[in-house]
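Mind looking over this structure? Questions follow.
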Amino acid sequence: MTSNTKKSAFLATGLMLFALFFGSGNLIYPPTMGQNAGSAILPATLGFLITGVGLPLMGVLAIAYSNSHDVQDLAGRVAKWYGIVFAVVLYLAIGPLFVSPRNATVAFDIAIQPFLGDDAQLKARSTNILFSLGKYQISELQAWLAGFATLFFAVSYWLSVSPGKLVDRVGKVLTPALLLSIAVLVVYAAIFPMAPLQPPSAEYAATPMVKGLIAGYGTMDALASLVFAIIVIDAVRGMGYEKKEEVLYLTSRAGIVAITFLALVYAFVAYMGASSVGQIGMQENGAVVLAKAANFYFGAPGNILLAVIVLLACLSTSVGLITSCGEYFARLIPQVSYRNWIIIFTLVSLAFANVGLTGIVKFSVPALMLLYPLTMVLIILAFLDKFFGSRRIVYAATMLGTAPVAIIDGWRTLHGMLEQSKDDWIMQADAYLTGALPLYPQGLGWMLPAAAGFLIGLVLAKIFVKKQAV
C-alpha cells in the first residue's frame with residue numbers, strides 16, 4: 001500500500017465518517033451549549049469535544065482494535081445471547097425506530113416548515129383537516145410532512161442500495177457540500193460576532209467543563225459509532241486492505257479526519273451560539289439559534305443556506321443508519337437480502353417519521369438512557385481486553401454492575417412522571433439512588449457500579465484461574 005494510496009483512502013473514508021456522524025443533533029446541541037456557556041465557552045467546548053468527538057472515535061476504534069466483526073461480536077464477549085439482543089436493540093433504536101425518522105422530521109422542521117408560513121399560518125395548517133383515515137385525521141401540515149418524508153427516504157434508499165458506492169456518494173459528494181455550506185455560516189459568524197459574550201448561566205459558571213461533557217452526550221454519537229464502525233471497516237476492506245494492521249491504520253486515520261472536522265464545526269457553532277445571546281436572546285433550542293443567526297447574517301438567503309446544511313446533514317446520517325442496519329440484519333438473517341432489509345427499514349423509518357419530532361423524541365430518550373451506559377462500558381472493555389485476558393467473567397460482572405442503574409434510568413425517563421407514581425418502586429429506587437449514588441442525578445450514576453463490577457470481575461477471574469491451575 002503506497003503512501004499516496006493510503007492518503008487518498010483514509011481521506012475519502014474520513015469524510016464519509018464525518019458525514020455519517022454529523023446529523024441533526026450535532027447541529028442543535030453546540031449552539032445551545034454556547035448560549036448557556038457565554039464567556040465560559042472555552043472550557044465548556046473542551047468538555048463537549050471530549051464526549052461529542054473523543055467517545056465516538058473510541059467507539060469506531062474499539063471495533064477495529066478488538067478485531068470484531070460487528071457490535072454483536074463485541075457484545076457477545078459478555079454472553080452470546082447478550083451480543084444478539086444488545087446488537088438488535090441498538091441497531092433498531094439508532095436506526096428505523098428513532099434516529100433515522102428523527103433526521104427526516106428535524107430536516108422538515110428546520111429546512112421546510114419555515115417556508116410554509118408564519119406561526120399563525122402554521123397553526124392554521126395544523127388544524128386544517130384534509131381527510132380522515134378511520135379515527136385518524138390528516139391535517140395539511142401532516143400531509144406536507146408525509147410528502148417530504150417520502151421524498152427524503154426515497155433519496156436515502158437510493159444512496160443506501162449500493163453500499164460499495166457509499167464512500168464515493170457520501171465521502172466525495174455530500175460531505176464537501178455539507179462542509180462548504182456550514183463554513184459559509186460559522187466562519188462569517190466567527191469573523192463578525194453578533195454581540196459580546198454574556199456571563200455564563202449559573203450551572204456553567206460553576207462547572208463549565210463538566211456541563212460541556214454532559215452536553216456532548218446529547219449528540220448520541222457514541223452509540224452510533226458502534227453502528228458506523230462496520231461501514232468504515234467494510235469500506236476499507238473493499239479497497240483491498242484485509243490485514244488487521246492495515247484496517248486499524250486506515251480506520252484510525254479516517255477517524256482522525258472525521259473528528260478534526262467535527263471538532264472545528266462544534267467549536268465554531270458553539271462560539272456562534274455564545275455570541276448570539278446579546279442579539280437574539282436565550283432561545284429554547286439550538287435549531288432556533290441557528291435559524292435566527294442565519295437570518296441575522298444573510299436574511300432570507302440565510303434561511304435557504306441553513307436549509308441546505310440541515311438537509312445534507314440529516315440525509316447523510318440517514319443513509320449511514322439505513323446502510324448499517326441493512327448490512328447487520330442481512331448477516332443476522334441471511335434469508336432476507338440486503339436490498340430487502342433496507343426496503344423494510346426505509347419504510348419503517350418513513351412510518352415513524354410521520355409521528356412527528358415531538359413523538360419520536362418522547363419515545364427515544366428512555367431507550368438511549370438505557371443503551372448509552374451499556375455502550376460506553378462495552379467500548380472501554382474492548383480497549384482493556386488484553387489487560388484481563390478476555391475473561392468473560394470480567395465482561396459479565398461489569399455489565400451486571402452497569403445494567404441495573406441503566407434500567408432504572410431508562411424506566412424513570414420513560415415514565416417521565418415520577419411525581420405521578422409516588423408509590424411506585426421506581427420512585428423509591430430513584431429517591432434512594434439520588435442520595436446514595438454519586439453522579440446519579442446527572443445521569444452518570446452507572447459509572448461507580450460499573451467500576452465496582454469490573455473490579456469484582458478481575459477478582460473472580462483470578463480465583464477461577466487459580467482453581468483451574470490446582
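The values are calculated or read from the model by the stated rules, or taken from the named source; none is laboratory data. Keep in mind it's a predicted model, so treat the numbers as computed, not measured. Quick reminder, even Gly has a Cβ in these numbers, built from the backbone with ideal geometry, and neighbours come from all protein chains shown. To get the accessible areas, we keep the full protein, side chains included, count just its heavy atoms, and leave off ligands, DNA and RNA. Shrake-Rupley method; radii C 1.70, N 1.55, O 1.52, S 1.80 Å.
For the stretch 407-415, check the following and say yes or no: at least one residue is modelled with pLDDT of 85 or more and surrounded by 13 or more Cβ atoms within 10 Å (Cβ to Cβ).
Restricting attention to the stretch 407-415, the residues satisfying the condition of being modelled with pLDDT of 85 or more are 407-408.
Subset that is surrounded by 13 or more Cβ atoms within 10 Å (Cβ to Cβ): 407-408.
Yes; the residues of the stretch 407-415 include at least one that is modelled with pLDDT of 85 or more and surrounded by 13 or more Cβ atoms within 10 Å (Cβ to Cβ).
Of all residues in the stretch 264-282, how many are out of contact with any helix residue (DSSP H, G or I) (no Cβ under 9 Å at 6 or more places or on another chain) and either under 13 Å from residue 49 (Cβ atoms) or not assigned by the TED database to the domain that holds residue 46 (or both)?
0
Okay, next question. Looking only at residues in the stretch 201-235 that are among the hydroxyl-bearing types (Ser, Thr, Tyr) and in contact (Cβ under 8 Å) with a residue 60 or more places away in the chain, which one is nearest to residue 159 (Cα to Cα)? Spell out how you get there, then give the answer.
Restricting attention to the stretch 201-235, the residues satisfying the condition of being among the hydroxyl-bearing types (Ser, Thr, Tyr) are 201, 204, 207, 217, 219, 225.
From the residues that got through so far, the ones that are in contact (Cβ under 8 Å) with a residue 60 or more places away in the chain too are 201, 204, 217, 219, 225.
On the way: 201: 43, 204: 41, 217: 28, 219: 23, 225: 20 Å.
Checking each candidate, the answer is 225.
So, in the stretch 385-417, exactly how many residues are touching a residue at least 24 places away in the same chain (Cβ under 8 Å) and either farther than 21 Å from residue 437 by Cα or among the basic types (Lys, Arg) (or both)?
Qualifying residue count, the stretch 385-417: 10.
Tell me yes or no: at least one residue of the stretch 188-200 is in contact with a Phe, Trp or Tyr (Cβ under 9 Å, 6 or more places away or on another chain), at pLDDT below 80 and crowded, with 17+ Cβ neighbours inside 10 Å.
The answer is no, given that none of the residues of the stretch 188-200 is in contact with a Phe, Trp or Tyr (Cβ under 9 Å, 6 or more places away or on another chain), at pLDDT below 80 and crowded, with 17+ Cβ neighbours inside 10 Å.
Follow-up. Would you be able to say whether some residue in the stretch 323-339 is open to solvent by less than 10 Å² (accessible area, probe 1.4 Å), touching a Leu at 6+ places or on another chain (Cβ under 8 Å) and closer than 23 Å to residue 17 by Cβ? Write out each step before concluding.
Filtering the stretch 323-339 for residues open to solvent by less than 10 Å² (accessible area, probe 1.4 Å) gives 323-326, 328.
Okay, now just the ones that are also touching a Leu at 6+ places or on another chain (Cβ under 8 Å), so 323, 325.
Those still in the list that are closer than 23 Å to residue 17 by Cβ too: 323, 325.
Scanning the stretch 323-339, I find at least one residue that is open to solvent by less than 10 Å² (accessible area, probe 1.4 Å), touching a Leu at 6+ places or on another chain (Cβ under 8 Å) and closer than 23 Å to residue 17 by Cβ, so the answer is yes.
When the stretch 356-398 is examined, which residues are found to be among the charged types (D, E, K, R) and either crowded, with 21+ Cβ neighbours inside 10 Å or under 27 Å from residue 110 (Cα atoms) (or both)? Give the derivation first.
As a first pass, look at the stretch 356-398 and keep what is among the charged types (D, E, K, R): 362, 385-386, 391-392.
Across the stretch 356-398, the qualifying residue is only 362.
Residue-wise test of (1) at pLDDT below 90; (2) assigned by the TED database to the domain that holds residue 156; (3) in contact with a strand residue (DSSP E or B) (Cβ under 7 Å, 6 or more places away or on another chain).
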| site | (1), (2), (3) |
| --- | --- |
| 341 | no, yes, no |
| 344 | no, yes, no |
| 365 | yes, no, no |
| 371 | yes, no, no |
| 374 | no, no, no |
| 377 | no, no, no |
| 396 | no, no, no |
| 400 | no, no, no |
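Results for (1) open to solvent by less than 20 Å² (accessible area, probe 1.4 Å); (2) at pLDDT 85 or above; (3) closer than 13 Å to residue 52 by Cβ; (4) assigned by the TED database to the domain that holds residue 285, shown as yes or no for each residue.
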| site | (1), (2), (3), (4) |
| --- | --- |
| 208 | no, yes, no, yes |
| 213 | no, no, yes, yes |
| 220 | no, no, yes, yes |
| 231 | yes, no, no, yes |
| 249 | no, no, no, yes |
| 255 | yes, yes, no, yes |
